[in-house]
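First comes the structure, then the notes that go with it.
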Amino acid sequence: MKDFCVDEITPSFKELEHYSNVITIFGGARIPKESKVYRKVRKLARKLGKEGYSIMTGGGPGIMEAANWGLMQAKKQTQRGDIYSIGLNIQLPCEQKLNPYVEIPLTFEYFFSRKLVFAYNSTAFIVAEGGFGTLDELFEVIVLITTGKHKPTPIILYGKKFWGGLVAWLKQELLQKDLIEDLDCITLAHSPKEVLKILKDFKVQAC
């Protein structure tokens, strides 16, 4: 397993060195194309692409497909050559099929090596609706950032109605009981405009 993980991680790091301004978008594979959230994520990714951000996802269907598709729409509309649609696909017993909007595919057998690569050079993490896999990715990133194992990076929960209950629980059950220090690394957003403002404000603070 050790050698295989090195074989997954090292080439992926070298590949991603070529790309900057990469935003990772997490979200569920089971979100249908007809859903409102699918359309919202595709619109968000399109807006981000037009602003010069590349998009990295898990490369599968649902939210991941919506994000990769939105980026490719932006690329077609703007004719930009500096934005890319990246997909980190995971091999599963019922194999997850790579969506057709991924330009740069990377394939992984292990979740932990894949999550490490997600965190490698992301400018921000946007988390849309999803299940256990999405929650796992979210809390992995939170732990890395809050423990200083990853540089400070915005974590944007996209969809106030979906994520509001979780944030309230974190405040009530964890923050108020001093089980965590703060929730400053998390921000809620509901529109592309709010996301772009969060990204802009973070850049200003980092200067």
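The values are calculated or read from the model by the stated rules, or taken from the named source; none is laboratory data. For clarity, every value in this text was computed on a predicted model and none was experimentally measured. Here Cβ is always computed from backbone atoms with ideal geometry, including for glycine, and neighbour counts include all displayed protein chains. Heavy atoms of the whole protein, side chains included, go into the accessibility calculation; ligands, DNA and RNA do not. Shrake-Rupley method; radii C 1.70, N 1.55, O 1.52, S 1.80 Å.
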Under a cut-off of 12 Å between alpha-carbon atoms, report the aspartates and glutamates in cross-link reach of residue 47, not counting same-chain residues fewer than 8 places apart. 194
Computed FRET efficiency, Cβ-Cβ of residue 191 and residue 76, R0 25 Å: what is it to the nearest 0.05? 0.65
Would you mind checking which residues have amide H under 5 Å from residue 157's amide H? H placed 1.01 Å from N; only 5 or more apart, or other chain. 127, 187, 188, 189
When a/c reaches 1.5 or more, the comparison of a/b and b/c decides; with that in mind, is segment 47-113 rounded, prolate or oblate per its Cα gyration tensor? prolate
Find the centroid of the Cα atoms in segment 142-207 and in segment 13-56, then give the distance between the two in whole Å. 18 Å
What per residue convex hull volume, in Å³, do the alpha-carbon atoms of the chain yield? 129 Å³
Return, for the Cα atoms of segment 35-75, the radius of gyration and Dmax in Å, separated by a comma. 8.9, 26
Translational diffusion coefficient, Stokes-Einstein: compute it for segment 1-92 using the Kirkwood radius over C-alpha pairs as Rh, at 37 °C and 0.692 mPa s, and state it as an integer in µm² s⁻¹. 240 µm²/s
Within 10 Å, count the other beta carbons around each residue, average over each peptide in 111-121, 169-179, and list them highest first. 111-121, 169-179
Of all the accessible heavy-atom surface of segment 118-166, with the other protein chains kept in place and a 1.4 Å probe, what percent is carbon and sulfur? 64 percent
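Using the structure shown, select from 76/151; 149/203; 43/161; 75/193; 50/193 the pairs with a Cα to Cα distance greater than 23 angstrom. Walk me through the numbers before you get to the answer.
Numbers: 76/151 32 Å; 149/203 20 Å; 43/161 18 Å; 75/193 19 Å; 50/193 13 Å.
Violating the 23 Å Cα-Cα cut-off are 76/151.
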